[in-house]
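The values are calculated or read from the model by the stated rules, or taken from the named source; none is laboratory data. All values derive from a computational prediction rather than experimental measurement. Reconstructed Cβ throughout: ideal geometry from the backbone, glycine too, with neighbour counts over all protein chains shown.
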Amino acid sequence: MAENIIELRDLTKKYGSFTAVDQLNLTIREGEIFGLLGPNGAGKTTTILMMLGLTDPTSGSVRVCGIDSTSSPTEVKKKVGYLPENVGFYEDMTGLQNLVFTGRLNAVTGNEAMEKAEELLEKVGLTEHSGKKTLKYSRGMLQRLGLADVLIKNPEIIILDEPTLGIDPAGVREFLDLIVRLSREQGITVLFCSHHLHQVQQVCDRVGIFVEGRLLASGDIQTLSENLFSGSPYTVEVGLRNPPQGYHDQNSARWLRDLLGNIEGVGKVSLNYGKYIVECRRDVAEEIAARVVEAGAGLNYLNKKEYGLDDIYHRYFEGRGNNE
Amino acid sequence: MTATVKKRKKLWKADEVVHPFRVIVHKEISDQVNSWRFIILLFIIGLTCFGSMYTALTNIGSAVQANDQEGNFLFLKLYTISDGTLPSFFVFISFLGPLLGISLGFDTVNSEQTKGTLSRLMSQPIHRDYLINAKFVSALTVISVLFFALGFLFMGLGIIITGLPPTPEEFWRVVFFILVSILYVAFWLNLAILFSVIFRQPATSALACIAVWLFLTVFYNLIVNLIAKAIAPSAMASTHQVFRYQEIIMTLMKILPGELYSDATTTILMPSVRSLGPLTMEQIVGAVPGPLPLGQSLLLVWPQLTGLIAATVFCFVLSYVTFMRREIRSR
């Protein structure tokens, strides 16, 4: 297994009485694309700021590339590229000038910065706009320029904070492809923060779910869903044309529960937007179909659900709602 | 193509690694110089300078006859005399200097924040104080170059038109005058930088700066006048009481940076000024009227200079500390 390139130990950040990040333990391995997933205000950005040494943790430690971010932030910032949410550029400078400026801040000579900037502009597909002032760039172009800006320092890690915000779907796909390609080509570790489930699911090797300053779970999507849905790993959605006691009535769910009752492995049955959700411990779709047809309830929809990040995410929020 | 490459090399020292601090300073200076507000202010200041030059030149003849004592320092009169229609050079600078300082400084930090460039810049491998130091250094460089250019341009025009060469002492007095002016503008610059760190919106910080400026130039005088009226000693009061009264009023006035500046420049540009406070008859008796040497003039304004430097450093330290403690988030 590759070594851990980011290690957070019992990381806590408090603003007065408000705890933004609470006892966070997280390790990210070299070369992987890690998705940090959480709603707005979960403490994702605060965690990133602590990784870069831009804000000091209340307690706990951050080690990035084996360097303590709190005590030597400059060393860390040499190795980490950070694309902030809503990245901005100097509007009266061209895209190329902005990149060269960043390059030179990283102790590179003007000529090298120029070459590297032109190369990166080509990579992110902005060569034809390189001489245009960034004031005239569109949102998507700014994000791509931001990616080039992050890469100009030859980072070992790149941290992207909500990088797909405000880009149209086609742009998002292009952007994500670009990230994956760059990461694989150059072996860069990527920390991808987002609240967009599907984007994270598309590109990330591992995912951490981060809510209210706490990491609720982490692992690849398969492991996560296995852990989460260990009680009832399968879900079958059933739609009926003529249910006995009408939709929107929990009695009909009970009726279905009774109907399926003696099939081994069937768990909870509930009604959700006109569809019955049957949770079960093993694959019983076929038997359910047989029972429903037998009862003459007019089966018109049957779907064996596979778990995506969406469900994992919602499951966590449901759980949280019940606890409070 | 090769020509542009060569040009680039010259501009950037493209083959060397330049220290990041200098990279930021370069960028800031070019930003300042290319900005519209700087061009507008440059235009205004240039125009007023030539205006005051014109009045000084037309009145210099009468100025010499009226006062023979300073006849030796005729050249310095170019900077100080006026016929009442247009203020003289140093009055113009004391009026426009704050405006220049404020306009160069009021959006240094908060505009980076609102444009979203601050967090990007801070994630580069530079120390955080580089930014605020670089902003200060670059603005100060721009001001220094501008003032030296103006002051020497004024001097050169004076030489050409009047045919009078300045004596070495006059030359050094002008240099010190320019240095004090830069210091004065640096105070306003730092105040503006402080407000730009405190307030998130550039407009708010600009307004706050202008409010402070107005208060110090207009309202503070009014308040001091009110106090003066209230505590004015009666006609029967002893000399000691009158002396005390004068001292209190002068102390109140000397809190003003503008007052410090005008005291300092008057003393430097008018060698006949011997004291900035009240003098008793005993002190004057036996004094030979005559100009002070440069060293003595400087000694006389030392408290004023110290006050200005202290105010400048105080503002800078406050903004430095505030900025270093600020958590930088995007936008």
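Rundown of residues vs (1) part of a helix (DSSP H, G or I); (2) without any contact (Cβ under 8 Å) to a residue 12 or more places away in the chain; (3) surrounded by fewer than 23 Cβ atoms within 10 Å (Cβ to Cβ), yes/no style:
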| site | (1), (2), (3) |
| --- | --- |
| A:Phe34 | no, no, no |
| A:Thr46 | yes, no, yes |
| A:Thr70 | no, no, yes |
| A:Val76 | yes, no, no |
| A:Tyr82 | no, no, no |
| A:Tyr90 | no, no, yes |
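Return the residue satisfying two criteria in turn: it lies in segment A:70-82 and is more than 23 Å from the chain's Cα centre (by Cα) and hydroxyl-bearing (Ser, Thr, Tyr), and of such residues it is nearest to the other protein chains (Cβ to nearest Cβ). Within segment A:70-82, the match that is nearest to the other protein chains (Cβ to nearest Cβ) is A:Thr74.
Selection of segment B:126-135 for residues being modelled with pLDDT of 90 or more and in contact with a Ser or Thr (Cβ under 8 Å, 6 or more places away or on another chain) yields B:Ile132, B:Lys135.
Taken together, B:Phe187, B:Phe195, B:Phe219, B:Phe199 contain a single residue that is over 16 Å from the mean Cα position of the chain (by Cα) and within 20 Å of B:Glu259 (Cβ to Cβ), which is B:Phe219. How about segment A:6-32: which of its residues are surrounded by fewer than 21 Cβ atoms within 10 Å (Cβ to Cβ) and either assigned to a loop (DSSP other than H, G, I, E, B) or among the basic types (Lys, Arg) (or both)? Result: A:Arg9, A:Lys14, A:Gly16, A:Ser17, A:Arg29, A:Glu30, A:Gly31, A:Glu32.
So which of A:Glu30, A:Glu85 is more than 13 Å from chain B (Cβ to nearest Cβ), among the acidic types (Asp, Glu) and in contact with an Asp or Glu (Cβ under 6 Å, 6 or more places away or on another chain)? Talk me through it step by step, then tell me what you get.
Details: A:Glu85 fails: more than 13 Å from chain B (Cβ to nearest Cβ).
After ruling out the rest, the residue left standing is A:Glu30.
Quick one: how many residues across segment B:27-38 are facing chain A (nearest Cβ under 9 Å) and not small (Gly, Ala, Ser)?
Within segment B:27-38, the subset facing chain A (nearest Cβ under 9 Å) is B:27, B:31, B:34-35.
Narrowing further to those that are not small (Gly, Ala, Ser): B:27, B:31, B:34.
Of the residues in that region, 3 qualify.
With respect to (1) away from every other protein chain (no Cβ under 14 Å); (2) under 19 Å from the mean Cα position of the chain (by Cα); (3) modelled with pLDDT of 90 or more, the lone exception for B:Leu96 is condition (3).
Scanning segment A:162-220 for residues that are assigned to a strand (DSSP E or B), more than 19 Å from A:Pro39 (Cβ to Cβ) and among the hydroxyl-bearing types (Ser, Thr, Tyr) returns a single hit, A:Thr189.
Determine if segment B:56-64 includes at least one residue that is under 25 Å from the mean Cα position of the chain (by Cα) and modelled with pLDDT of 80 or more. Yes: segment B:56-64 contains one or more residues that are under 25 Å from the mean Cα position of the chain (by Cα) and modelled with pLDDT of 80 or more.
Going through B:Phe199, B:Phe215 one at a time, which residue ends up being modelled with pLDDT of 85 or more, out of contact with any helix residue (DSSP H, G or I) (no Cβ under 7 Å at 6 or more places or on another chain) and among the aromatic types (Phe, Trp, Tyr)? Break it down into steps so the answer makes sense when it comes.
Working: B:Phe199 fails: out of contact with any helix residue (DSSP H, G or I) (no Cβ under 7 Å at 6 or more places or on another chain).
The match here is B:Phe215.
Segment A:92-161 holds helices (runs of 4 or more DSSP H) entirely within its bounds, and those carrying 3 or more residues that are more than 12 Å from chain B (Cβ to nearest Cβ) map to A:110-123, A:139-151.
Scan segment A:59-66 and give yes if some residue there is more than 21 Å from A:Thr27 (Cβ to Cβ) and assigned by TED's automatic domain parsing to the domain that holds A:Ile158, otherwise no. Outline the logic, then answer.
Within segment A:59-66, the first condition is being more than 21 Å from A:Thr27 (Cβ to Cβ), and the residues that meet it are none.
No, there is no match, as no residue in segment A:59-66 is more than 21 Å from A:Thr27 (Cβ to Cβ) and assigned by TED's automatic domain parsing to the domain that holds A:Ile158.
Going by the structure shown, is B:Gly116 buried (at least 22 other Cβ atoms within 10 Å of the Cβ) and either in contact (Cβ under 8 Å) with a residue 60 or more places away in the chain or within 14 Å of chain A (Cβ to nearest Cβ) (or both)? Answer is no for this residue.
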